[in-house]
Structure formats: structure tokens, C-alpha cells
Amino acid sequence: MTPEQTSKPQQSGVEALNTLLDAERAALLEGDLESIAEMLPAKEALIEDMNGAPPIDIEAVHALGGKVRRNQLLLDGALEGIRAAVARMSALRELRVGLETYGADGQKHRIAMETDNSVEKRA
């Protein structure tokens, strides 16, 4: 087997991972978390295949590393946004129950919110 023949599967793995990382970036920018989850097994398999074979094109591998870091930053930002949304929804849920304030004595006080689910009809 010639060196060119042995490098073809590795090169196609690099190309496949490159394409997958670009698709992952697009999904991250669109907020398509479902697609990202679907891509994960293929991404892990491609990375594992590349780890098992000797690197051929160091520049291509470095470029992939840059894309992985870029996507990780995007993913971290998406997770931060999700956490902020969850915290905000939790705070709004707490407001429905009551409002917490601090009095002049420095103690926390809860003001209960009365919920009236009835509808008033006016003529």
C-alpha cells in the first residue's frame, strides 16, 4: 500500500470533520440545539478515528482545532444564555408567589401576592 493510499481515509476524516464542524457552527448560530445533539455521535466517532491514525496534514489538524475551539466558545455562550433564561424564569415564578424585600431593620420580608383568577365583567 502506498503512502497516498493510507492517507486517503485519514484525509477524508479530516474533510468530514471539517464539514461537520462547519455544520455545527451554523446550528449553534441558529440556536438549533437539537441538530447539535444529533451531530455529537458522528463528531465523537470522527475525532476518535483521527486520534487512532497518525496525522498527515498538521496544518489541517490545527485548523480543525481552531474550529473546535470556536464552536466550544459558541456552545459556552449558548449554555450561558440558557442558564440566564432559566434564572429569569425562576425569578418571575417567584414573583407570582410573593415579593421579597428588606426592611429598615435589615431583615428579609416577604410580601404575599394575592392571585385572583376571576374575570370582572363591566358593562
Additional length obtainable on full extension of the chain from residue 105 to residue 16, 0.36 nm per residue less Cα span: 25.6 nm
Counting only residues 5 or more places away or on other chains, whose amide H sits under 5 Å from the amide H of residue 98 once H atoms are built in the peptide plane? 113
Between residue 49 and residue 78, what length in nm is gained on full extension when 0.36 nm per residue of separation is reduced by their alpha carbon distance? 7.7 nm
Around residue 36, what is the net charge, scoring Lys/Arg as +1 and Asp/Glu as -1 over all other residues with Cβ under 11 Å from its Cβ? -3
What do you get for the angle between helix 3-30 and the principal long axis of the chain? Use alpha-carbon atoms, 0 to 90 degrees, nearest ten. 20 degrees
Restricting to aspartates and glutamates and to Cα separations under 15 Å from residue 43, and discarding same-chain partners fewer than 8 apart, the set is 15, 22, 24, 34
Show the residues, 5+ positions off or on another chain, whose built amide H is closer than 5 Å to the amide H of residue 32. none
Contour minus end-to-end for residue 56 and residue 33, with contour as 0.36 nm per residue of separation and end-to-end as the Cα-Cα distance? 5.0 nm
Run the simple label-point estimate for residue 89 and residue 69 please: 7 Å along Cα→C-beta, distance reported in nm. 3.4 nm
For the chain, calculated [θ]222 nm from helices alone, where every DSSP H run of n ≥ 4 adds -39500 (n - 2.57): -26000 deg cm²/dmol
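Read-outs throughout are calculated quantities, based only on the coordinates presented, and are distinct from any laboratory measurement. Please read these numbers as outputs of a predicted model, since none were measured by experiment. Don't worry about glycine lacking a Cβ; one is built from the backbone with ideal geometry, like all the others, and counts go over all protein chains shown.
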